[in-house]
1. Taking the options Glu71, Glu78, name whichever one is open to solvent by 90 Å² or more (accessible area, probe 1.4 Å), modelled with pLDDT of 90 or more and more than 17 Å from Leu23 (Cβ to Cβ).
2. Just one of (1) within 12 Å of Ile25 (Cα to Cα); (2) assigned to a helix (DSSP H, G or I); (3) at pLDDT below 90 trips up Thr56, so point out which.
Amino acid sequence: VVSAVWNPTLAQKLPASTVAGVLTIMLRVHLAPDGVLRSTEVIQSSGFAELDQEATSALSKAQPFVHPPEELVGPDGEIAFDFKLICEASAPATAMPVQ
């Protein structure tokens, strides 16, 4: 879902001399029980504010997330998890929830 709205061209525009092949962004994500995004927070930056913003934007565009399991809803009424995006300078970005 996120990969459908992710804009990888931004990563390709970063200066090759600055990018050491792989960039990682870790986001903390909070969803409502119905899958609507409540908030995101960058907990590990790629080192490039524009790329971090694109990761946050992609999650926002991908919502609502369909059918989150009820058992993931915490006592605060939210589903919270860390989401890792990995960008390789020469390959499309991949995204995965972190266990």
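1. Criteria check complete, one pass: Glu71.
2. (3) is the only condition that Thr56 fails.
The values are calculated or read from the model by the stated rules, or taken from the named source; none is laboratory data. Just so you know, these numbers come straight off a predicted model, no measurement behind them. Here the Cβ is made from the backbone with ideal geometry for all residues, glycine too, and neighbour counts use every protein chain on show. Calculation scope for accessible area: heavy atoms of the full protein, side chains included, ligands and nucleic acids excluded. Shrake-Rupley method; radii C 1.70, N 1.55, O 1.52, S 1.80 Å.
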